[in-house]
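The values are calculated or read from the model by the stated rules, or taken from the named source; none is laboratory data. On a predicted model such as this, the values are computed, not experimentally measured, just so you know. Cβ atoms come from the backbone with ideal geometry, glycine included; neighbour counts cover every protein chain shown. These accessible areas exclude ligands, DNA and RNA; they are computed on the full protein's heavy atoms, side chains included. Shrake-Rupley method; radii C 1.70, N 1.55, O 1.52, S 1.80 Å.
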Amino acid sequence: MDMMKIYQTTYCMYRGLRLQFIRLSSNSTSCHSYIRETDTASDKHTLNLQNISVGSYFNHQNRRRILKGHNSCACCGKYIQFQRRHCSSFVIGKNQDGPCLSPPWKILFFGTDHFSLFTLKCLNENRLQDKDSVVDSLEVVTGKEKKSVRRYAEQAGLEIHNWPLVVPDGKYDVGVLVSFGSLIPEKVINSFPYGILNVHPSLLPRWRGASPLVHTILNGDKQTGISIMEIKPKHFDTGPVKMQEKLPVPPDCTTRQLHNMLGPIGGKMLIKCLYNLPTLDGLEVTHSGQEVSYANKTKPEMTYIDWENQTRESIDRQYRALHEDFPLKSHYGKVLIKLKSMVPVTDEIDESILYHYGNTHLNLPPGTPCYGRNSKVCWIKCKDGWVGFRELIIKKKLTASDFYSGYLINDMYKNNVFASHRNHLFEHVPDKKVTAAN
């Protein structure tokens, strides 16, 4: 250190460290700079940035570690740009030809489906504002299928890129990803000075993965929310959280209703995050491994009902979580039946059940059907009572009355029960990372 001179020290409030900016003595033949991160006990790292050009970046220990801020080099007088992730203190200086230090930002958006569309619309509407816009430019990355995001981008005249693609370093300031479904390579993530932000509809680290809304309803959560996080390579939803908002789950809410409630809120939160991006860069919160739960993709087996082991409440949650996209199913003998139009769960017992079985109805085997003549409902026995459906599908849609006439009183079928099917609905693996496969 004899040849070096510490010319500025700043204190990092977030990590409790000092950042010392060091240069070689003035008789050095080339312009080199060093940045040393220290604490009161010992030096943590000494990073050598040799021949730094305006707006250049570096990688350290195979991860993006960019020092935030900039200062002029005492050797050559050039402005040198530093950027340090997770540090709320930085050297104030003039920005020349490097990434923006404040909005509006150049944004590349990654998305495909209708939930993505809420955020894309918020970004584009903000871009078109006359003043105080946080979006300078907006381009879209999506799949080749003509889904919601592609259709909107075409109508709005936004530039569209097919995935996968190569992202040039420094072309965009920040990426935004919502419900994209593909892991982003580290090289692509590192091409954005501020990384890629993800709008995720759950209170991370609860419900990492592809179907957080489904699992929120399925498990009877009373609280949900939006998390704005920074993505990391190799695994979904493991990055640090920049912003989070908690919201109550409305009573008897379905997945689509929750989707429509959280989508616009996520878009507004992202805009707020982009306005405060440099500040939030130092206030991220990492996940606690003990609180992690996983929302794996919806599988066909999840739509089957396990009459022996599921209660009325769990079947009701299963219906509200899945039926809008995936009808619940069960075999009646050898006939596969889709169950539609579930009636609200109640403690009252239909009079037709009491007429046929009296007080012994709770002793009937799970899967036993009974037609309610007055209610026009097909009741089916489960673990702790009865659940009812007004419509069923067997090749075509049938009313409960049609099903009674064609099957329940037909000698070929009348002694059958609905078969229980193991569905693995509530089996979670807390130590399993969410990857593209699940």
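Taking each residue of the range 381-394 that is within 10 Å of Ile315 (Cβ to Cβ) and looking for partners that are in a loop (DSSP other than H, G, I, E, B) and of a type in the set (Phe, Trp, Tyr) with beta-carbon atoms closer than 9 Å, six or more apart or interchain, yields Cys382/Trp307; Lys383/Trp307. Cβ separations smaller than 9 Å between residues 6+ apart or across chains give the following pairs from the range 246-258 residues that are over 12 Å from Thr224 (Cβ atoms) to residues that are in a loop (DSSP other than H, G, I, E, B): Asp252/Pro344; Thr254/His323; Thr254/Glu324; Arg256/Glu324; Arg256/Asp325.
Give the number of residues within the range 336-367 that are part of a strand (DSSP E or B) and not charged (D, E, K, R).
Qualifying residue count for the region: 5.
Taken residue by residue, the range 158-171 has at least one member that is on the phi > 0 side of the Ramachandran plot and either at pLDDT below 95 or among the hydrophobic types (A, V, I, L, M, F, W, C) (or both).
So which residues in the range 261-291 are modelled with pLDDT of 95 or more and open to solvent by less than 80 Å² (accessible area, probe 1.4 Å)? Within the range 261-291, Met261, Leu262, Gly263, Pro264, Ile265, Gly266, Gly267, Met269, Leu270, Ile271, Cys273, Leu274 qualify. For the range 146-158, the condition of being under 17 Å from Leu277 (Cα atoms) and among the aromatic types (Phe, Trp, Tyr) holds for none of the residues. The number of residues in the range 106-122 that are under 18 Å from the mean Cα position of the chain (by Cα) and farther than 10 Å from Leu177 by Cα comes to 7. The residue of the range 414-438 that is farthest from the chain's Cα centre (by Cα), among those that are modelled with pLDDT under 65 and not hydrophobic (A, V, I, L, M, F, W, C), is Glu427.
Matching residues to (1) open to solvent by 80 Å² or more (accessible area, probe 1.4 Å); (2) modelled with pLDDT of 95 or more; (3) closer than 30 Å to Thr298 by Cα:
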| residue | (1), (2), (3) |
| --- | --- |
| Ser314 | no, yes, yes |
| Gly333 | no, no, yes |
| Lys340 | no, yes, yes |
| Thr346 | no, no, yes |
| Asn363 | yes, no, no |
| Trp379 | no, yes, yes |
| Glu391 | no, yes, yes |
| Ser401 | no, yes, no |
| Met412 | yes, no, no |
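Among residues that are touching a strand residue (DSSP E or B) at 6+ places or on another chain (Cβ under 6 Å), on the phi < 0 side of the Ramachandran plot and in contact (Cβ under 8 Å) with a residue 60 or more places away in the chain, Thr303 is included. Taking the conditions (1) among the acidic types (Asp, Glu); (2) surrounded by 15 or more Cβ atoms within 10 Å (Cβ to Cβ); (3) over 22 Å from Lys334 (Cα atoms) in turn, Asp384 satisfies each one other than (2).
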